[in-house]
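Report on the structure given below.
The values are calculated or read from the model by the stated rules, or taken from the named source; none is laboratory data. Only a predicted model underlies this, so the values are computations on that prediction, with no experimental measurement involved. Positions of Cβ are backbone-derived with ideal geometry, glycine not excepted, and every protein chain shown enters the neighbour counts.
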Amino acid sequence: MRSLTRRAALTVAVGLALLATAATPTNANIGDQWILQIHHLDNSGAFTLQPGTGYAGLFSSGNAAFTGTSVLGPASDGVARVYWELSGLSIGTLRPVPTTTEQYTLEFYDPTDVGHNGFNPVESQFRGAAGETFPNEPLIPWAGAFGTNHQFIARDGADSGTFLQLGPGPQAPVDASFGAAPNGFNMWLTSGSWMYAKYNFPFPIDRSWSALRVTQVTGIPEPSTVILAGIGVIGLGIVRRRRKS
């Protein structure tokens, strides 16, 4: 009788665990990556499309028309911008971007066109199409520097045809603390955030762009994992109580 009761308790625990796993949506984890193809261009006529020089692999979001094609921007233009959107499913693990605010490291695919690899930062537009409050966006959990928490990370490259890390800084937190120094490699972003590169600087820009790759570096364990562990403990507790009785 005791053996039967023990078996029944374990069966219930396993069954509840399976139900919890099935009912809980799969969230992204630290280390998940999204590859973002170019989403859109502002003043698209100012750009030169360069087929065969851009990223041509799997991507999470963006416009498929830019697959394998990099875009070369103007030397100076007050309107022209390249945009990427943080959305879609992570590469390999197929998880959606968290709706919470998390930190991500950013890499860029370095196009293989020769010579167009000068300095050009990637900037945040935290609310995506809804913009970003300047000089301080209240949804970005960072005090910022130089009077603003608007984030931008420098980029240089060497026509390598590989993903290279953006940074450090000059306006990106070094860690996840509110008062973090600005010379880091990460950005605070959320699902639907945009990133962009612009061309309205007091110096000429000579830079082509393709895809970005972002990697989640903050977050919590999946809810289904936590529930599963908790239910397993409950199941063991039931078995022990049955044994004592």
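Is it the case that the stretch 101-110 has a residue that's touching a helix residue (DSSP H, G or I) at 6+ places or on another chain (Cβ under 9 Å), surrounded by fewer than 21 Cβ atoms within 10 Å (Cβ to Cβ) and touching a residue at least 24 places away in the same chain (Cβ under 8 Å)? No, the stretch 101-110 contains no residue that is touching a helix residue (DSSP H, G or I) at 6+ places or on another chain (Cβ under 9 Å), surrounded by fewer than 21 Cβ atoms within 10 Å (Cβ to Cβ) and touching a residue at least 24 places away in the same chain (Cβ under 8 Å).
In this structure, does Thr21 turn out to be modelled with pLDDT under 95, out of contact with any His (no Cβ under 9 Å at 6 or more places or on another chain), β-branched (Val, Ile, Thr) and loosely packed, with under 15 Cβ neighbours inside 10 Å? Before the answer, list the steps.
On the way: modelled with pLDDT under 95: yes; out of contact with any His (no Cβ under 9 Å at 6 or more places or on another chain): yes; β-branched (Val, Ile, Thr): yes; loosely packed, with under 15 Cβ neighbours inside 10 Å: no.
Considered against the rule, which asks whether it is modelled with pLDDT under 95, out of contact with any His (no Cβ under 9 Å at 6 or more places or on another chain), β-branched (Val, Ile, Thr) and loosely packed, with under 15 Cβ neighbours inside 10 Å, Thr21 comes out as no.
Residue pairs whose Cβ atoms lie under 7 Å apart, separated by 6 or more positions or on different chains, with the first residue in the stretch 70-94 and touching a residue at least 24 places away in the same chain (Cβ under 8 Å) and the second acidic (Asp, Glu) and crowded, with 21+ Cβ neighbours inside 10 Å, are Ser90/Asp32; Thr93/Asp32.
Considering only the stretch 86-128, state which residues are touching an Asp or Glu at 6+ places or on another chain (Cβ under 9 Å) and among the small types (Gly, Ala, Ser). Result: Ser90, Gly92, Gly115, Gly118, Ser124, Gly128. With respect to Pro51, is the statement that it is over 25 Å from the mean Cα position of the chain (by Cα) and modelled with pLDDT of 95 or more true? So Pro51 passes the test. Of all residues in the stretch 108-129, those satisfying the criterion of being assigned to a strand (DSSP E or B) and touching a Phe, Trp or Tyr at 6+ places or on another chain (Cβ under 6 Å) are Tyr109, Glu123, Gln125.
Taking (1) in a loop (DSSP other than H, G, I, E, B); (2) charged (D, E, K, R); (3) farther than 20 Å from Asp42 by Cα; (4) in contact with a Phe, Trp or Tyr (Cβ under 9 Å, 6 or more places away or on another chain) in turn, Glu132 satisfies each apart from (3). Residues of the stretch 129-155 being surrounded by 13 or more Cβ atoms within 10 Å (Cβ to Cβ) and either closer than 19 Å to Phe119 by Cβ or among the aliphatic types (A, V, I, L, M) (or both), which ones? Leu139, Ile140, Ala143, Ala145, His150, Gln151, Phe152, Ile153, Ala154, Arg155, listed by residue number. With a requirement of 1 or more residues that are of a type in the set (Lys, Arg), modelled with pLDDT of 95 or more and within 17 Å of the chain's Cα centre (by Cα), the strands (runs of 3 or more DSSP E) lying completely within the stretch 139-245 that satisfy it span 212-216.
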